[in-house]
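Enquirer: The following block contains the structure, expressed as structure tokens.
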Amino acid sequence: MAGFQQRFASKLSGGGVGPGNEPWPVFFARMAEQAQHPLLKRFYAAGTPTGDTPLAEVPLVAIDFETTGLDASKCDIVSVGIVPMTLNRIYNRQGRHWLVRPRTALSADSVVFHGITHSDIDNAPDLSEQLDDILEHLQGKVVIAHCCSIERNFLDMAVKARLGEGVVFPMLDTMALEAGIQRQPTLIERMFGARRKSIRLADSRERYGLPFYHPHHALSDALACGELFQAQIAHHYSGATAIGNLWQ
Amino acid sequence: MQAENIEILEFLRQHHPFKDLDNAILERIASQTDVAYFKAGTQILNFGEAITDWYIVRSGAVEVYRRSGELYDRLTTGDYFGQFGLLRNKRIRFPAKALEDTLVYLIPEPLFSELFEEYETFADQVEVEDRTRLRQAMARQADSNQLLSAPVETLMLREPLTVPVTLSVRDVAIQMSEESVSCALVVTESDDQPLAANRLVGIVTDKDIRNRLVAEGLPYDSSVEDIMSTRIASVEHNQFVFEAMLMMLRFNVHHLPVMRHGVPVGVATLPDVIRYESQNSLFVVRRIFGAQSLDELKALQPDVRNCFSRMVAEDANSHMIGTAMAVIGRSFKQKLLEMAEEEFGPPPVPYCFLALGSMAREEQLIVTDQDNALILDNRYDPKLHEDYFIKLSNFVCDGLDACGYTYCRGGIMATNPKWRKTLQQWGDSFLDWINNPVQEVLLNSFIFFDLQGVWGETQWAEQLSALVAEKASRSPKFLACMARGALGRTPPLGFFKGFVMETDGEHSRSINMKRRGTAPLADLIRVHALAVASKSHNSFDRLDDVIEADILPPGSGADLRDALELIAMVRIRHQALDLEAGRDPDNSIEPDNLSDFERRTLKDAFQILSNAQKYLKFRYQFGRAF
């Protein structure tokens, strides 16, 4: 897994591009034309920064989902937390949290994780009713998540299931960044006892002197991820770093 | 819908000044808080820039500077900054820099202002200016122990019975019976004003009538003047109840006239006082005077410690505890001197045994060494009399050491021939110190400017005090020298994590609260007191005299009082904790053992002391005219 992350991160640092090697702004422009559903049209029409935009100038938003399980093809979203931010400030006061009723069963295992129970979601609306609101908070911004493939795949699948077409956008992944920053020991080094460094959210945060936050609440996790991103950039990159070097 | 972040909410709930706010407002604050991360070494706030948020340190550490670049404070989790600028002109007054990687929570200005306006407990706790917060904290504490710090006038139940000095004892007794009181105040007679307004010349009690009239077989129509006591101990109406009690102990009387503007307005009796006061110190003093041997005296040490602990538990203030401990210490000395005179016979020439330093200032605590000296009659002849006073001094000082008042390491004891002088020699010494001040000499002589006679010709001590008061205030060179000496020990800047933080940013593990707190405060107050010719010895009393003389910047006298009380009480409470835990009490405190309240208020108190030292330096520069 870590090896994959490392390869993935190094491949991306060469300059992240959208699906089919198409630059993200070009992809957005095309999708604004091709998408059928008005929500998605609006989302893509808001555009995305070009790859050479310095991080300091990019409006950002940290997100986190709690889900019924790990497999996006079988599981669904239970809650969404988002916190808008820039490199200077995390606008927690504009943070939002939605509970949504998943279309797949809530497993006992996941309840243990996020503490969201059947009775909590029985009264919650379906994601389709919240999608307008959620997409509006994401549009025009670059989205940050820790292990962004989860958020990317779940949202894409969930939207596809409801609107008949999915949604994809560039993302910054604090886990991939950390994997690139913390060079993992080679196989030889591991044979001599070197330990892999954990790039889980809580462990990564600790490296930057960030406080412990209880995991598995979408809003706290989004904030935790946003804080980690600020710390990673402050230590290893700068506001002048082009976003195209980091996003995927 | 705004969502409050549970992590932020939980954090606020656990930290001052939020923790006392109710849940609804805390949730609102949590939903209004933004967040920012600063890498170690990053400037967070620059002087003069606009400030729009209040900064709470969530993790890491931040250094706050004065405009001059001087370190103002070092902050860590739960501390906050930016309020000075927010409350003034919304410009940054104290720049701040991340010392470690730091996460801050940002509370927007409108919300901060609202909290500050609407919530009194919040505003009280936020450090706005060093002194305001301490003042409010001390005021709240004083409120909570009203009973023990009640003024003596709260005891008085009735008008005193006043009788003219010409009345017969029989007529006085009739009036006392009619009024059913156990004492009468005797005043001079004059036709043109009411009796009670006349000068108090004596006091007569049931016991005086029994002992001095009936037992002596005097006629009932003797004048009351013949049996009244003329050495009258009295208290002012606004003195504390505990002071009345201590006065009764000291003079061994059960009735104290209460005076207002020189006119008796009531009588406080021992039962009145006991109803208000804990009997602890009374009990100990009685046992001291009842002791039959040195061994019995030594055995009283646990009682002294218990008395100290109980006064702390009962929320007595530092003045009450300091005075009670001084009275107990003085009682030990008096009892030992009484025993010495029994053993070696009456003194060949009159003398006065002096208490010096904290005992004389009535600021004694549980850990204390003995500082004492002797004033001898001017007819003293070493060849004839020295032997006696050597024996007497050895007896007393050894006895004190055995009773827990360890020998003075600096040798300031009556056993030291250097500190056994005639009244004339003492007068000359004081004049020499004052007229020809030498820094090194004076540094070791501070203690002599706090003196009290405890036995024998105690009026000699008062004469020396009067001499010092008169001469010192007129010698700028002496005051400048004393002031310089008083600046030798400085307070730390505050606390940072588990450390004491010095003004140069250095850290240490513990702080000696006497050396870095109460002692420099007492030194500083002494200089001002000498400058205004005060004859008081207690630092609080001296401060009153200094404030009266109006030589301090406005408000700073009251600030000093708060600072002294706070530092003394922290020292006292930690000694009580040591006793409770079975440790030997000392003056040293580790920041980890300080409560939140103590850390915050101590920092303010240190700042007040530091400012007061700067003022002292400025005011008593030699050659400066004032």
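The values are calculated or read from the model by the stated rules, or taken from the named source; none is laboratory data. Please read all numbers here as calculations on a predicted model, not as lab measurements. All Cβ positions, glycine included, derive from the backbone under ideal geometry; neighbour counts span all protein chains shown. Just so you know, the surface numbers come from the protein's heavy atoms only, side chains and all, with ligands and any DNA or RNA stripped out. Shrake-Rupley method; radii C 1.70, N 1.55, O 1.52, S 1.80 Å.
Enquirer: Residues in segment B:125-139 that are surrounded by fewer than 16 Cβ atoms within 10 Å (Cβ to Cβ) and either modelled with pLDDT under 60 or of a type in the set (Ser, Thr, Tyr) (or both): how many?
Expert: 1
Enquirer: Pick out the one residue from A:Thr104, A:Thr68, A:Thr117, A:Thr50 that is within 18 Å of the chain's Cα centre (by Cα) and polar (S, T, N, Q). Full working, then the answer.
Expert: Working: A:Thr104 fails: within 18 Å of the chain's Cα centre (by Cα); A:Thr117 fails: within 18 Å of the chain's Cα centre (by Cα); A:Thr50 fails: within 18 Å of the chain's Cα centre (by Cα).
Checking each option against the conditions leaves just A:Thr68.
Enquirer: Any residue in segment A:144-166 that is closer than 25 Å to B:Ala36 by Cβ and surrounded by fewer than 17 Cβ atoms within 10 Å (Cβ to Cβ)? Reasoning before the result, please.
Expert: First, pick out the residues of segment A:144-166 that are closer than 25 Å to B:Ala36 by Cβ: A:144-148, A:151.
Filter once more, keeping what is surrounded by fewer than 17 Cβ atoms within 10 Å (Cβ to Cβ): none.
Checked against the condition, which is being closer than 25 Å to B:Ala36 by Cβ and surrounded by fewer than 17 Cβ atoms within 10 Å (Cβ to Cβ), segment A:144-166 yields no hits at all.
Enquirer: Further question on the same structure: In the list B:Ser534, B:Ser556, which residue meets the criterion of being among the polar types (S, T, N, Q), closer than 19 Å to B:Gln452 by Cβ and touching a residue at least 12 places away in the same chain (Cβ under 8 Å)? Lay out the reasoning, then the answer.
Expert: Values: B:Ser556 fails: closer than 19 Å to B:Gln452 by Cβ.
Sole residue among the options that is among the polar types (S, T, N, Q), closer than 19 Å to B:Gln452 by Cβ and touching a residue at least 12 places away in the same chain (Cβ under 8 Å): B:Ser534.
Table: residues versus (1) more than 23 Å from B:Ala313 (Cα to Cα); (2) of a type in the set (Val, Ile, Thr); (3) open to solvent by 10 Å² or more (accessible area, probe 1.4 Å).
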{"position": "B:Leu493", "(1), (2), (3)": "yes, no, yes"}
{"position": "B:Ser534", "(1), (2), (3)": "yes, no, yes"}
{"position": "B:Ile551", "(1), (2), (3)": "yes, yes, yes"}
{"position": "B:Gly555", "(1), (2), (3)": "yes, no, yes"}
{"position": "B:Leu594", "(1), (2), (3)": "no, no, yes"}
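Enquirer: Out of the residues in segment B:60-78 meeting the condition of being surrounded by fewer than 22 Cβ atoms within 10 Å (Cβ to Cβ) and within 14 Å of chain A (Cβ to nearest Cβ), tell me which one is nearest to B:Phe18 (Cα to Cα).
Expert: B:Gly78
Enquirer: Given the criteria in the same structural domain as B:Leu167 (by TED's automatic domain parsing), over 26 Å from B:Gln334 (Cβ atoms) and open to solvent by 30 Å² or more (accessible area, probe 1.4 Å), does B:Asn238 qualify? Even if it seems obvious, please write down each step before you answer.
Expert: On the way: in the same structural domain as B:Leu167 (by TED's automatic domain parsing): yes; over 26 Å from B:Gln334 (Cβ atoms): yes; open to solvent by 30 Å² or more (accessible area, probe 1.4 Å): yes.
Yes, satisfied.
Enquirer: Identify, please: which residue in segment B:90-112 is assigned to a helix (DSSP H, G or I) and open to solvent by less than 30 Å² (accessible area, probe 1.4 Å) and is, among those, nearest to the other protein chains (Cβ to nearest Cβ)? Write out each step before concluding.
Expert: Residues of segment B:90-112 that are assigned to a helix (DSSP H, G or I), as a first pass: B:109-112.
Next cut, open to solvent by less than 30 Å² (accessible area, probe 1.4 Å) only: B:111-112.
On the way: B:Leu111: 9, B:Phe112: 13 Å.
Out of the qualifying residues, it is B:Leu111.
Enquirer: Restrict the check to segment B:432-449 and report whether at least one residue is over 30 Å from B:Ser588 (Cα atoms), assigned to a helix (DSSP H, G or I) and open to solvent by less than 20 Å² (accessible area, probe 1.4 Å). Reasoning before the result, please.
Expert: If we filter segment B:432-449 for residues that are over 30 Å from B:Ser588 (Cα atoms), which is where we start, we get B:432-438.
Checking the rest, the ones that are also assigned to a helix (DSSP H, G or I) come to B:432-435.
After this cut, where a residue has to be open to solvent by less than 20 Å² (accessible area, probe 1.4 Å) as well, the list is B:434.
The answer is yes, given that some residue of segment B:432-449 is over 30 Å from B:Ser588 (Cα atoms), assigned to a helix (DSSP H, G or I) and open to solvent by less than 20 Å² (accessible area, probe 1.4 Å).
Enquirer: Listed residues B:Phe353, B:Phe332, B:Phe308; which is among the aromatic types (Phe, Trp, Tyr) and modelled with pLDDT under 90? Spell out how you get there, then give the answer.
Expert: Details: B:Phe353 fails: modelled with pLDDT under 90; B:Phe332 fails: modelled with pLDDT under 90.
Within the list B:Phe353, B:Phe332, B:Phe308, the selection yields B:Phe308.
Enquirer: Check whether at least one residue in segment B:115-122 is more than 12 Å from chain A (Cβ to nearest Cβ) and at pLDDT below 80, and report yes or no. Lay out the reasoning, then the answer.
Expert: Pass one, segment B:115-122, residues more than 12 Å from chain A (Cβ to nearest Cβ): B:115-122.
Filter once more, keeping what is at pLDDT below 80: B:121.
Looking for residues that are more than 12 Å from chain A (Cβ to nearest Cβ) and at pLDDT below 80, one finds at least one in segment B:115-122, hence yes.
Enquirer: Ok, one more. Out of (1) surrounded by fewer than 22 Cβ atoms within 10 Å (Cβ to Cβ); (2) within 12 Å of chain A (Cβ to nearest Cβ), what's the single condition that is false for B:Leu87?
Expert: Of the numbered conditions (1) surrounded by fewer than 22 Cβ atoms within 10 Å (Cβ to Cβ); (2) within 12 Å of chain A (Cβ to nearest Cβ), the odd one out for B:Leu87 is (2).
Enquirer: Further, regarding this structure: Among the residues of segment A:94-107, are any more than 13 Å from chain B (Cβ to nearest Cβ), surrounded by fewer than 21 Cβ atoms within 10 Å (Cβ to Cβ) and touching a helix residue (DSSP H, G or I) at 6+ places or on another chain (Cβ under 8 Å)?
Expert: First, pick out the residues of segment A:94-107 that are more than 13 Å from chain B (Cβ to nearest Cβ): A:100-107.
Filter once more, keeping what is surrounded by fewer than 21 Cβ atoms within 10 Å (Cβ to Cβ): A:101, A:103-105, A:107.
Imposing the further condition that a residue be touching a helix residue (DSSP H, G or I) at 6+ places or on another chain (Cβ under 8 Å) reduces the set to A:101, A:103.
Checked against the condition, which is being more than 13 Å from chain B (Cβ to nearest Cβ), surrounded by fewer than 21 Cβ atoms within 10 Å (Cβ to Cβ) and touching a helix residue (DSSP H, G or I) at 6+ places or on another chain (Cβ under 8 Å), segment A:94-107 yields at least one hit.
Enquirer: Scan segment B:1-30 residue by residue and report those that are away from chain A (no Cβ under 11 Å) and closer than 18 Å to A:Ser220 by Cα. It would help to see each step written out before you state the result.
Expert: First pass over segment B:1-30, keeping only residues away from chain A (no Cβ under 11 Å): B:12-27.
Within segment B:1-30, B:Leu12, B:Arg13, B:Gln14, B:Leu26, B:Glu27 meet the criteria.
Enquirer: Just one of the numbered conditions (1) under 26 Å from B:Val441 (Cβ atoms); (2) touching a Ser or Thr at 6+ places or on another chain (Cβ under 7 Å) is not true of B:Leu493; which one?
Expert: Every listed condition holds for B:Leu493 apart from (1).
Enquirer: Hey, can you tell me all the residues within segment A:122-143 that are open to solvent by 40 Å² or more (accessible area, probe 1.4 Å) and of a type in the set (S, T, N, Q)?
Expert: Once the filter is applied, which keeps residues that are open to solvent by 40 Å² or more (accessible area, probe 1.4 Å) and of a type in the set (S, T, N, Q), segment A:122-143 yields A:Asn123, A:Ser128, A:Gln139.
Enquirer: Sort through B:Gly404, B:Gly399 and tell me the only one that's open to solvent by 20 Å² or more (accessible area, probe 1.4 Å), touching a residue at least 40 places away in the same chain (Cβ under 8 Å) and in contact with a helix residue (DSSP H, G or I) (Cβ under 9 Å, 6 or more places away or on another chain). Show your work before the answer.
Expert: Details: B:Gly399 fails: open to solvent by 20 Å² or more (accessible area, probe 1.4 Å).
On inspection, the qualifying residue turns out to be B:Gly404.
Enquirer: Separate question: Which of the helices (runs of 4 or more DSSP H) contained wholly in segment A:171-248 include at least 2 residues that are without any contact (Cβ under 8 Å) to a residue 12 or more places away in the chain, away from chain B (no Cβ under 11 Å) and more than 16 Å from A:Val83 (Cβ to Cβ)? Walk me through it before giving the result.
Expert: Details: elements: A:174-181, A:187-191, A:201-207, A:218-236.
The qualifying helices (runs of 4 or more DSSP H) are A:187-191.
Enquirer: I'd like to know if segment B:7-22 contains one or more residues that are farther than 22 Å from B:Arg599 by Cβ, open to solvent by less than 50 Å² (accessible area, probe 1.4 Å), in contact with a Ser or Thr (Cβ under 7 Å, 6 or more places away or on another chain) and at pLDDT 90 or above. Before you say what the answer is, go through the steps one by one.
Expert: Filtering segment B:7-22 down to residues farther than 22 Å from B:Arg599 by Cβ leaves B:7-9, B:22.
Checking which are open to solvent by less than 50 Å² (accessible area, probe 1.4 Å) leaves us with B:7-9.
Within this subset, residues satisfying the condition of being in contact with a Ser or Thr (Cβ under 7 Å, 6 or more places away or on another chain) are B:7-8.
Now narrow it down to the ones that are at pLDDT 90 or above: B:7-8.
Yes: segment B:7-22 contains one or more residues that are farther than 22 Å from B:Arg599 by Cβ, open to solvent by less than 50 Å² (accessible area, probe 1.4 Å), in contact with a Ser or Thr (Cβ under 7 Å, 6 or more places away or on another chain) and at pLDDT 90 or above.
Enquirer: A further question follows. Quick one: how many residues across segment B:360-387 are among the aliphatic types (A, V, I, L, M) and touching a strand residue (DSSP E or B) at 6+ places or on another chain (Cβ under 7 Å)?
Expert: So the first thing to find is which residues in segment B:360-387 are among the aliphatic types (A, V, I, L, M), and the list is B:360, B:365-367, B:373-376, B:384.
Now drop any that are not touching a strand residue (DSSP E or B) at 6+ places or on another chain (Cβ under 7 Å), which leaves B:360, B:373-376.
The total comes to 5.
Enquirer: Filter segment B:30-50 down to the residues that are of a type in the set (A, V, I, L, M) and more than 41 Å from the chain's Cα centre (by Cα), then identify the one that is most open to solvent (accessible area, probe 1.4 Å).
Expert: Selected residue: B:Ala50.
Enquirer: Quick check, is B:Leu552 within 18 Å of B:His528 (Cβ to Cβ), at pLDDT 85 or above and out of contact with any Asp or Glu (no Cβ under 6 Å at 6 or more places or on another chain)?
Expert: Values: within 18 Å of B:His528 (Cβ to Cβ): yes; at pLDDT 85 or above: yes; out of contact with any Asp or Glu (no Cβ under 6 Å at 6 or more places or on another chain): yes.
Yes.
Enquirer: Moving on to the next point. List every residue pair whose Cβ atoms lie under 7 Å apart, where the two residues are 6 or more positions apart in sequence or sit on different chains, the first residue falls within segment B:31-54 and is within 11 Å of another protein chain (Cβ to nearest Cβ) and aromatic (Phe, Trp, Tyr), and the second residue, located anywhere, is in a strand (DSSP E or B) and open to solvent by 10 Å² or more (accessible area, probe 1.4 Å).
Expert: Every condition considered, the pairs that remain are B:Phe38/B:Ile44.
Enquirer: Another one. Hey, can you tell me all the residues within segment B:80-116 that are over 10 Å from B:Val62 (Cα atoms) and among the polar types (S, T, N, Q)?
Expert: Result: B:Gln83, B:Asn89, B:Ser113.
Enquirer: Given the criterion assigned to a helix (DSSP H, G or I), touching a Pro at 6+ places or on another chain (Cβ under 8 Å) and open to solvent by 10 Å² or more (accessible area, probe 1.4 Å), identify the matching residue among B:Arg561, B:Arg573, B:Arg516, B:Arg600.
Expert: After ruling out the rest, the residue left standing is B:Arg516.
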